[in-house]
Every structure is written in structure tokens, then in C-alpha cells.
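The values are calculated or read from the model by the stated rules, or taken from the named source; none is laboratory data. On a predicted model such as this, the values are computed, not experimentally measured, just so you know. Please note: Cβ atoms are built from the backbone with ideal geometry, for glycine as well, and neighbour counts cover all protein chains shown. Areas reflect the complete protein model, heavy atoms only, side chains present, ligands, DNA and RNA absent. Shrake-Rupley method; radii C 1.70, N 1.55, O 1.52, S 1.80 Å.
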Amino acid sequence: MGKRRKPSPPSRARLAVLTTAVAGGAVLAAGTAHAEPTPTLASVKEQVDKLNEEAEQSIERYNGFQAKQQSLQADANRIQDKVARGQEAMNELRTRLGAVAGEQYRTNGIDPGIQLMLDSDPAGYLERAAAQNQVVEGQTALLKQARDEQRRLDQDRAEAAAMLTQLDSVGASLGEEKKQVQSRLAQAQALLNKLSAEDRARINAQESAEKAKAAAQQAAAADRASRSAGRPAAGPGADATLPSPSASGRAADIIKFATAQLGKPYEWGSTGPNTWDCSGLTGAAYRAADVKLPRMSQDQWNAGTRIARGDLQPGDLVFFYEDIHHVGIYIGDGKMIHSPRTGKNVEVLPISVMPYMGAVRPA
């Protein structure tokens, strides 16, 4: 066998090429790892606003599932109570039927008419025969009552089972919608956490500026309306935050309640008393005036008479976005009280700040 030849060491030229290639690959890998651009403040704000809006849509769906769950649970409880009462009645009927069967067994199943005919007192035959007919008729009626009761009991049990199945389905939908809300809010918070405290302050300042701009535009529109109506316009030094027109009766109760909630935190799915979501606040304010509203903003949209924007009065419900997923309480002068979103508090805001869809005056 020939001796194995040792591989020759790489030349300096080859080493140089390999080193350059490795270094270049490292630089390329490093460049790829840091290729993700730093998000701008504007893009972060846009994404956060979008996630918050999507979260509020999910919140309204969650509220709808929650209201349906509560209604189904009440119906299920009612039917289950009915089933329990029916079972008690059925047990009583079975006891009575058992007594009849026992009596028939004791008499060896002899026909009642024959028993009477063989009786040692023929003079009382007709009287006892009539009485026996009544007994037979009573037994027949008892059997019919038992059959009817059993049929009703079976129907009630089937209805209860179907309702409990529906309740489970709604509960699953409720849980899934809750996950969607939590996911979107977590994504929004994660985006905000990437910003410096200074940038977060800038976002808050931008939101305040947008509100101030909307208020100024509303005040200017009010001045123009005043001039066209022949009333004196507000001067340049006038406060853009005009006092609300006085409300009375039901509207006063609604606005008084809503005003007392100013500064309380928004909390999704909450109906008070310390935190609120948008439709939770409007529903509670109307309850303070002895008016019951549905839980969801979309259902509140159908809870009264539609009102033109120019005919708005304090206490009217005002709605926003195409799918009607946000609602507030109009207080006059183009402003409303509403519970905005996670991280915010109940506030007064011009209705022109959000995409306005319409108003409703509940009956």
C-alpha cells in the first residue's frame, strides 16, 4: 500500500479569500439582524389608535355575548325550576297510581262490576255500582293526567337541555372575544412601551391638541350660527368652552349622573360604579332617569327616535364609527360626556373629534 499524502496547508491567498468571505458574511448577518427600522412616533400612534379601535369593537361584541349569557342563564334557571316542579307533580301522581295498582292487586284484579254483583247486599247494588263507575272514571282521569304531565316534563327537559347547550356556546364565544380584547390591548401597550417617556408625552400632547382644535372648530361653527341667527358672536377673548344649555326633567338627571362620573377610569366590560366602558356609562346614566337601555351601543342605537344633528338636545345619545361601536351623552354646545378607551378617564369631548354617525333620543 502507498503512503497517504497529507493535505497541503491552505495558501495565504486562499486564507485571505476565506477570511474575507467569513467577515463579509458576519457583516451581512449583523446588518440583517438590525435591518428592522425604528418605528416613528406617528406610525406608533397610528398603530395604537387602530388597535384601540379594534379592541373597542371586540369589547362591544363581548358586551353583547355577556348580555345574552345573562339572559340565557335567567331563562335556563326558570325552565330548570319548572322541570323541578313538574318532577314533584309527577312523583305525586306516581304515588297515587301506585295506590290504585295496590288496590287492584288486593282485589285480585276482579272486575269491579262482578264484585258488586256478587255482593251479599243486592239492595245496595245500584248505589255501589254508580260509586264504582266514579272510581273507574277517576282512575282513567288520573292516568290521563299522568301521561300529560310526563309529556310536559319531557318537553321542559328538552328545552332546558337545548338552552344549556346554547349557554355553553355563548360562554365559549364570550371567552374567545375576551382573548381578542386582551390581545389587542396588550399589543397596543407593547408598542407604547417601546417609546421613551418623552415620546409618550408627545403622543398625549398630540391628542390634547387634536381635542383643542376640534373644540375651536366647534366654537367657530357656533359663532357662525349665532351670527346667522342675529345673536352677538363670541369675541376673540371668549372661552371656547361654552356652558351647556340648561337641561330639565329626565335630561337633567341623565347629565347630572354622567357629570358625577367625570375622571373615573375607563374599564372594558364595566358597568360601574367606579369604572366604565362607553355603553356601560350611558346605560347607567339613563337608569338614573328610570329609563332602561340595552347593554350594547349597537342596540342602544335602536332604542329610540333618530335625531338630526341640528336638533340635538342635552341627554340625547350620540354614536360614532360606521359599526356604531362607541356612544356618548350629548350635553349641549357640540359636546358630550363619554368613557373613551383603556388608559383614559370619563371626559367631556366635542362630538366632532370622532367619526359621528348619528343620535338617538330614547323613549
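State which residue pairs qualify: first residue farther than 30 Å from L167 by Cβ and inside segment 75-102, second residue not hydrophobic (A, V, I, L, M, F, W, C) in any location, beta carbons under 8 Å apart, and separation of 6 or more residues or different chains.
L93/Q145; L93/E149; V100/Q139
What are the residues in segment 182-199 that are surrounded by 12 or more Cβ atoms within 10 Å (Cβ to Cβ) and among the polar types (S, T, N, Q), if any?
Scanning segment 182-199 gives Q182, S183, Q187, Q189.
Condition check: open to solvent by 40 Å² or more (accessible area, probe 1.4 Å), at pLDDT below 95 and closer than 19 Å to L349 by Cα. Does P243 satisfy that?
Numbers: open to solvent by 40 Å² or more (accessible area, probe 1.4 Å): yes; at pLDDT below 95: yes; closer than 19 Å to L349 by Cα: yes.
For P243, the condition - open to solvent by 40 Å² or more (accessible area, probe 1.4 Å), at pLDDT below 95 and closer than 19 Å to L349 by Cα - is met.
Look through segment 275-319, keep the residues that are assigned to a strand (DSSP E or B) and not small (G, A, S), and return whichever of them is nearest to M357 (Cα to Cα).
Filtering segment 275-319 down to residues assigned to a strand (DSSP E or B) leaves 276, 304-307, 317-319.
Now restrict to residues that are not small (G, A, S): 276, 305-307, 317-319.
Values: W276: 22, T305: 14, R306: 11, I307: 11, L317: 11, V318: 8, F319: 6 Å.
Looking at the filtered set, the residue picked out is F319.
Return the pairs, sorted by first residue and then second, in which the second residue is hydroxyl-bearing (S, T, Y) and not in a strand (DSSP E or B), the first residue lies in segment 266-285 and is on the phi > 0 side of the Ramachandran plot and surrounded by fewer than 22 Cβ atoms within 10 Å (Cβ to Cβ), the beta carbons are less than 8 Å apart, and the residues are 6+ apart or on different chains.
Final answer for the pair search is G269/Y62.
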